[in-house]
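The values are calculated or read from the model by the stated rules, or taken from the named source; none is laboratory data. Bear in mind that the values here come from a model prediction, so they are computed numbers and not experimental data. Heads up, the Cβs are rebuilt from the backbone with ideal geometry, glycines too, and the neighbour counts pull from every protein chain shown. Only protein heavy atoms, including side chains, enter the accessible area calculation; ligands, DNA and RNA are left aside. Shrake-Rupley method; radii C 1.70, N 1.55, O 1.52, S 1.80 Å.
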Amino acid sequence: MKFTQTGTFKENSLEKIIAIKPLEKIEEVLLSKLDYFIGFVAKENSEIITDYVKNLTEKYQGLVEKDFSKNSFGELEKIFSKFLNLIQYPDLNKASLNYYLHLLQIKERGEWETNEVEISMKALIQAWIYPSYYFLEALAETIGREDAVKLFKRYITNYYIDHPSPDRDKFVSLEKMLENRLSGDTTSSEWVIVHTMLEEGKYAFKNKNCPTCVDSMKDLPDVEFKYLACCYGDYEKFRAIYSDHIILTMEHTLMEGDSYCSRVLHDTRIDYDLRHPPKEFWDNFKPGNEEEAMKYYKI
């Protein structure tokens, strides 16, 4: 068994400038999940949907200063018409669009309607994840924190069940996945990860940093909501991406204040033992420390 580290710690990776067309990205970044969430809440708890939409709309309105949709919302009707749940709530549509463009730090109308704009990587990541944080915060304000957390967990799990990757049939094995991850240039990524196969069908990896969600969400106060918005969906997401046979276990996360994220992907076609290695294993999980770390495996 060998432990291998990939990636390189990089400062200011979130400040990298990229070019996007905001309207081409809005469905993927925001509207698909928002539409699904509104439909899910309406189905699971129909008596609160009106109050919830009102609360979420007002929350988004309170986070922005500029109305980008003014005088041009008609041009966006084709986009919103695809989403049968959202189309019932035009005020939420407008508020969501404004918040999305606010997060992208768009300044003027002409910058986003048809043109490519240059934004920071941080702005794009926040446009991906901040709205979900506020889905949950508004839901907690509507039905209480405990019930909101339970409902949000069911939503994000069902979202990935209903949106499997079109490339799922390309998955071969966890061993092949690791081989691919360790091939080519393994230093260029800003994600610093330690990898190993614990045994056949058990791929362990430790994230030593999170240059996307954790670093981008520092200004948001609620740790549990940040974890749910950014990390909890990974349990079902890995199954959605790879195979129904692939199950993630995860007991430590950077988002919740741990010094790493500990993850194991288990291929249940080979072994349905889903025990997660103890903290002592993960603390010692680094290249050159194989013998010491494995003392704690399967204690």
Residue count, the range 169-195 (criterion: in contact with a Phe, Trp or Tyr (Cβ under 8 Å, 6 or more places away or on another chain) and within 25 Å of S13 (Cβ to Cβ)): 7
Can you tell me which condition K16 does not meet? The list is (1) open to solvent by 20 Å² or more (accessible area, probe 1.4 Å); (2) at positive phi, and all the others hold. (2)
For Y203, state whether it is within 30 Å of D147 (Cβ to Cβ), in contact (Cβ under 8 Å) with a residue 60 or more places away in the chain and touching a strand residue (DSSP E or B) at 6+ places or on another chain (Cβ under 6 Å). no
Please state which one of C231, C261 is under 23 Å from P166 (Cα atoms), in contact with a strand residue (DSSP E or B) (Cβ under 8 Å, 6 or more places away or on another chain) and not aromatic (F, W, Y). C231
Quick check: is even one residue across the range 237-253 among the β-branched types (V, I, T) and in contact with a Gly (Cβ under 7 Å, 6 or more places away or on another chain)? no
Within the range 182-195, can one find any residue that is without any contact (Cβ under 8 Å) to a residue 12 or more places away in the chain and within 17 Å of the chain's Cα centre (by Cα)? no
Tell me, yes or no, whether the range 241-260 has at least one residue that is charged (D, E, K, R) and in contact (Cβ under 8 Å) with a residue 40 or more places away in the chain. no
Test V64 against the stated conditions and say whether it is open to solvent by less than 60 Å² (accessible area, probe 1.4 Å) and touching a His at 6+ places or on another chain (Cβ under 6 Å). yes
Single residue of the range 237-253 satisfying the filter (outside any strand (DSSP E or B), open to solvent by 30 Å² or more (accessible area, probe 1.4 Å) and touching a strand residue (DSSP E or B) at 6+ places or on another chain (Cβ under 7 Å)) that is nearest to D219 (Cα to Cα): R239
For the range 220-230, state whether one or more residues are without any contact (Cβ under 8 Å) to a residue 24 or more places away in the chain and within 27 Å of T8 (Cβ to Cβ). no
Counted residues in the range 278-299 being under 17 Å from Y260 (Cα atoms), assigned to a helix (DSSP H, G or I) and more than 27 Å from the chain's Cα centre (by Cα) come to 2
Would you check which residues across the range 14-54 are hydroxyl-bearing (S, T, Y), over 18 Å from the mean Cα position of the chain (by Cα) and either at pLDDT below 95 or under 17 Å from K150 (Cα atoms) (or both) and list them? S46, Y52
Considering every residue within the range 157-170, establish whether at least one is out of contact with any strand residue (DSSP E or B) (no Cβ under 7 Å at 6 or more places or on another chain) and closer than 23 Å to L254 by Cα. yes
Give me the residue from the range 274-299 that is within 15 Å of E251 (Cβ to Cβ) and acidic (D, E) and, out of that set, least open to solvent (accessible area, probe 1.4 Å). D283
